[in-house]
1. Please list, or write none, the lysines whose alpha carbon is within less than 23 Å of the alpha carbon of K145, excluding same-chain residues fewer than 8 places away.
2. Which whole-number percent gives the relative contact order of the range 101-159, counting Cα pairs below 8 Å spaced six or more residues apart?
3. I'd like the Karplus ³J(HN,Hα) series for the range 69-85: coefficients 6.51, -1.76, 1.60, θ = phi - 60°, whole numbers in Hz, and an x wherever there's a Gly or Pro.
4. Let me have the 222 nm mean residue ellipticity of the chain computed from DSSP H runs of 4+ only, each contributing -39500 (n - 2.57), with the sum over all residues rounded to the nearest 500.
5. Collect residues whose amide H, placed 1.01 Å from N in the peptide plane, falls under 5 Å from the amide H of I16; neighbours closer than 5 in sequence don't count.
6. Could you pull out every one of the lysines with an alpha carbon less than 19 Å from that of K26, ignoring same-chain neighbours closer than 8 positions?
7. Taking chymotrypsin sites (Phe, Trp or Tyr not before Pro) as candidate sites, keep only those in a DSSP loop with at most 13 other Cβ atoms within 10 Å, then name the longest stretch of the chain containing none of them.
8. Given contacts defined as C-alpha pairs under 8 Å and at least six residues apart, what's the relative contact order of the chain, whole-number percent?
Amino acid sequence: MQRVRLLLELKRLGIIRNDRVSTKAKSQLLKQPMVLQKLVEYTSFLHYDASPVERLHVVQQNIVTQPTCKACNGIVKMRTSGRYRATFPTYCSARCLSNQETVKEKRKATNLQRYGNPFAIASTVCREKAKQKWLENYGVDNPAKADVVKQKRKQMLLDR
Ligand SMILES: [Zn+2]
């Protein structure tokens with residue numbers, strides 16, 4: 001009921017128009033401190049410092065609880081830019097996203113298709129790239145060799 005009343009008021013003021021948040025919503029809200037206050041009160045279930053416009057989107061989308069990360073249950077914040085603007089992400093971080101099995105499977109499939117191997121690091125392309133890097137940095141094509149070289153050097157110094 002509270003939401004319906006708030007929504008009606010926002011529509012009456014043109015802050016929400018045709019089920020969309022007005023592009024001038026921010027300045028419109030600043031002229032309506034009472035409405036802004038009601039909006040903040042109604043969206044107090046959000047556990048982060050959401051902007052008034054973000055709160056408008058929350059009301060407009062009929063979101064009634066703080067959205068959380070599918071993997072770790074941590075708080076997620078509304079996206080404020082980009083293609084998925086004004087929506088909440090499913091995961092809180094790249095780490096949570098990449099830890100998901102479905103994502104892992106998808107990555108394996110992509111690697112298989114692109115490099116002929118589910119684990120990209122084992123693919124020739126990546127192996128060659130890694131070798132190049134090691135050659136650049138240590139003058140050897142893998143870290144094990146670098147250690148061997150270091151150990152030998154150390155031993156030589158000790159033996160002197
Ligand atoms: Zn998370």
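Here, each number is a calculation from the coordinates, and none is a lab measurement. All figures in this text were calculated on a predicted structure; none of them were measured in a lab. Positions of Cβ are generated from backbone atoms using ideal geometry, with glycine treated the same way; all protein chains shown enter the neighbour counts.
1. Filter leaves K129, K131, K133, K154.
2. 14
3. 5, 5, 8, 10, 6, x, 5, 10, 9, 4, 6, 10, 8, x, 4, 9, 3
4. When only DSSP H runs of four or more count, the value is -16500 deg cm²/dmol.
5. Hits under the 5 Å cutoff: K11, S22.
6. Here the lysines satisfying the reach criterion relative to K26 are K11, K38, K77.
7. After excluding every exposed loop site, the longest remaining stretch is 1-44.
8. Details: 149 pairs, mean separation 16.2, N = 160.
With pairs under 8 Å counted, the relative contact order is 10 percent.
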